[in-house]
1. Would you point out the residue of the stretch 1-40, among those that are open to solvent by less than 30 Å² (accessible area, probe 1.4 Å) and in contact with a Phe, Trp or Tyr (Cβ under 6 Å, 6 or more places away or on another chain), that is nearest to residue 53 (Cα to Cα)?
2. Which of the numbered conditions does residue 46 fail, given that it passes all the others? Conditions: (1) exposed (fewer than 13 other Cβ atoms within 10 Å of the Cβ); (2) in contact with a helix residue (DSSP H, G or I) (Cβ under 9 Å, 6 or more places away or on another chain).
3. Looking at the stretch 24-36, I want the residues that are closer than 11 Å to residue 46 by Cβ and have a partner that is open to solvent by 50 Å² or more (accessible area, probe 1.4 Å) and in a strand (DSSP E or B) with Cβ atoms under 6 Å, at least 6 apart or on another chain. Which pairs are those?
Amino acid sequence: MQYWVKIVFVDNQELIVKDAVRHTISDDMEVLEVDSPREVIIVPMKQIKYLACDATVFATKKPS
């Protein structure tokens, strides 16, 4: 499943990844990793003001 992730940095610049397949925050809460079929983006959490993602990534399947 691919979805979008929007990262807004502390200097108000934005990065939108439209084909993300996974995003995670490291165990030590130091970096955000966004994976897409083309690239892996690693951003220090200190540089991030906020991030948002497509809500469908959290949707649960209803039993058939």
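1. 20
2. Looking at each condition in turn, residue 46 falls short on (2).
3. Taking only residues 6 or more apart or on different chains, the pairs are 31/42; 31/44; 32/25.
The values are calculated or read from the model by the stated rules, or taken from the named source; none is laboratory data. Quantities reported herein were computed from a predicted structural model and do not represent experimental measurements. Because the Cβ atoms are built from the backbone with ideal geometry, glycine has one as well, and the counts that use them run over all protein chains shown. SASA here: full protein model, heavy atoms, side chains in, ligands and nucleic acids out. Shrake-Rupley method; radii C 1.70, N 1.55, O 1.52, S 1.80 Å.
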